[in-house]
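A.B. asks: I'd like to ask you about the structure that follows.
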Amino acid sequence: MTDAARRGSAADGAAVATARVAPVPIMIAVACATTAYGLGRPAMTAAVSRAVPFEARGVALGIATMVFMAGAFVGSAAVGCIGDAIGIPQALAVLAVLAALALLVLLPSTLPRPLPSPERKGPVTDLDPREVPGG
C-alpha cells in the first residue's frame, strides 16, 4: 500500500470515527454548511447579475463562481495547514473569527440606502439645457 493510500485510509477512518463518536454535532455542522451554501450561492449569483450589464453577465458569473470555489479550496487547505500547527479545533476557531470579521466589514454594504429625494434630480438633469454640450 502506498503512502498516499495509507493517508487516505487514515483520513477516512478518522471521519468515520468522528461521526460515530459525535454524530449530532457532525449532522449540525453539515446542515449549517449546506444551508450557508444554499443561501450564499444564489445570493451571490443575484448580486453579480444585478451589478453587471446583461452582455457581461456570463463572464461575470463565471469569474464569481471561480472565486467562490477557489475560496472553498484554499480555505480547506488553509484550515488543514493551520490545524497541523495548532490543532483542528483552534483552526476552526480562527476560521470562525475570520468569517465574523468579514461579516462586520461587509455588513454596512448590505444595508438599504436611502432613496434620493424626489425634488433633487440627478447631476445631468440639474443642469441648464444651455450648459449641456450639444443641448
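Derivation of every value follows stated rules applied to the coordinates shown; laboratory data play no part. This structure is a prediction, so every number in the text was calculated from the model and none was measured. Neighbour counts run over all protein chains shown; Cβ positions are idealised from the backbone, glycine included.
A.B. asks: Assuming R0 = 25 Å, can you tell me the calculated FRET efficiency for the pair Thr45 and Ala22, based on Cβ-Cβ distance, to the nearest 0.05?
C.D. replies: 0.15
A.B. asks: Mind jotting down a quarter of the surface of the convex hull over the alpha carbons of the range 39-91, in square nanometres, one decimal?
C.D. replies: 4.2
A.B. asks: Counting other Cβ atoms within 10 Å, keep those with at most 16, restrict to DSSP loop, and tell me which trypsin sites (Lys or Arg not before Pro) in the range 36-121 are left.
C.D. replies: Arg120, Lys121
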